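The structure appears below as structure tokens.
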Amino acid sequence: MHQPQTTKTPDPGDDCSQQQVTYYRARASEYDDTYADRMPMPHLSRSIAQLPIHGDVLELACGTGQWTQQLVDRARTVTAVDAAPEMIAIARSRVSEVDTRFITADLFDWAPEDQYDTVFFAFWLSHVPPPRFAAFWGMVRSALKPGGRAVFLDDSLAKAAIEERTQSHPGVPTVRRRLADGTEHTAVKVFYEASDLVGQLHSLGWESVIRDLDSYHFCGVAHPVGAVGTVGAGQT
């Protein structure tokens, strides 16, 4: 009996995600310049002390280890994941003196084998294509131990003013980025209002508290509804 062929609906996030990985692999050697030029790192670093980071920590999209090196002071163990081996190499050298496990993997195709007290990601949520938002948070949920929390930092909507925004894929906001060698790349960049993000997470079964760190950055703490008590950005 002839079986009709089925055609998979193209995922607009696929192409965007691959372009993004290509960009970050090429950018690894100059990635830290971003923190020097556009990020108030001492100010943002102090914010970590007020966030509930502890125990076994999973860091998603660790980049060059700017945040990894700070997590190790708060954690029992750290597992750091990134899709770019060039980023991982720099991060590994940054925290070589501590027991940190690095995994090179595309976060959209990766499933955690263990569970953690804290899942941390800095400036990554804005790079998750909207069609993959729910699946991403499903992965985060699977990575959390009972009572665990997701802790995150990112750019606020005000940061959009300094980006060169494009719309190369319907439903996936992107920005154009240029490297020192003159090449141009495209990266996903979704800017959130805190109240909208809280609502989106609630619709997926998360309770969250999100607050501004300054005019351009926010931090958030979230847990699955009913999993633990009150969420608090100042809890440890």
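The values are calculated or read from the model by the stated rules, or taken from the named source; none is laboratory data. Source: prediction; values computed, not measured. Virtual Cβ from ideal backbone geometry, glycine too; neighbours counted across all protein chains shown. We work out accessible area using only protein heavy atoms, side chains counted, and drop any ligands, DNA or RNA first. Shrake-Rupley method; radii C 1.70, N 1.55, O 1.52, S 1.80 Å.
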Can you tell which of ASP114, ASP99 is acidic (Asp, Glu) and either at pLDDT 95 or above or touching a Phe, Trp or Tyr at 6+ places or on another chain (Cβ under 6 Å) (or both)? ASP114
Looking only at segment 41-62, which residues are more than 21 Å from LEU144 (Cα to Cα) and open to solvent by less than 10 Å² (accessible area, probe 1.4 Å)? LEU44, SER47
Return the residue satisfying two criteria in turn: it lies in segment 84-95 and is touching a helix residue (DSSP H, G or I) at 6+ places or on another chain (Cβ under 7 Å) and surrounded by 22 or more Cβ atoms within 10 Å (Cβ to Cβ), and of such residues it is nearest to ASP106 (Cα to Cα). ALA84
Filtering strands (runs of 3 or more DSSP E) wholly in segment 69-169 for at least 3 residues that are under 18 Å from the mean Cα position of the chain (by Cα) and free of Cβ contacts under 8 Å to residues at least 60 places away in the same chain gives 77-82, 100-104
Looking at the structure I just gave you, is VAL198 of a type outside the set (Lys, Arg), on the phi < 0 side of the Ramachandran plot and either open to solvent by less than 30 Å² (accessible area, probe 1.4 Å) or touching a helix residue (DSSP H, G or I) at 6+ places or on another chain (Cβ under 9 Å) (or both)? no
